[in-house]
Amino acid sequence: MNSTITLHSAKVIEQAEINMLSARLLALQTMEKNPMQVDIKQFENATAFSSKIISGPSFNTVQ
């Protein structure tokens, strides 16, 4: 079994992670009054995720 990850595979995995996190945070952001203070911004090929309430590296990152 070859466990080498190609550049294409890495990009597919990264995009899947971005899509999953975007969907979860968008659901929180669209709740009445945005209680988790979620903000999602697109910058060319990067997506920034932030929350003033949710701590942890997954939510306050640029990917």
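Since every read-out is calculated from the coordinates, none of them should be taken as a lab result. None of the values given here were measured: they were computed from a predicted structure. Cβ placement follows ideal geometry from the backbone for every residue including glycine, while neighbour counts extend to all protein chains displayed.
Give me the number: length gained by fully extending Glu17 to Ser55, i.e. 0.36 nm times residue separation minus the C-alpha to C-alpha distance, one decimal in nm.
Full extension of this stretch gives 11.9 nm more.
Subtract the Cα-Cα distance of Glu32 and Asn2 from 0.36 nm times their separation in residues, and report this length gain in nm to one decimal.
6.0 nm
Which of the peptides 30-38, 18-26 is most tightly packed, and how do the rest follow, going by the mean number of other Cβ atoms within 10 Å of each residue?
Working: 30-38: 11.6, 18-26: 13.7.
Ranking the peptides 30-38, 18-26 by packing returns 18-26, 30-38.
HN-Hα J couplings of segment 37-47 from phi, Karplus 6.51/-1.76/1.60, θ = phi - 60°, integer Hz, Gly and Pro as x?
My calculation for segment 37-47 gives 6, 7, 9, 10, 10, 9, 10, 6, 9, 10, 10 Hz in order.
Just want to confirm a number: the relative contact order over the chain, from Cα pairs under 8 angstrom separated by 6+ residues, in percent.
Result for the chain is 20 percent.
Can you show me the helix-derived [θ] at 222 nm for the chain, built from DSSP H runs with n ≥ 4 at -39,500 (n - 2.57) apiece and divided by the number of residues, rounded to the nearest 500.
-13000 deg cm²/dmol
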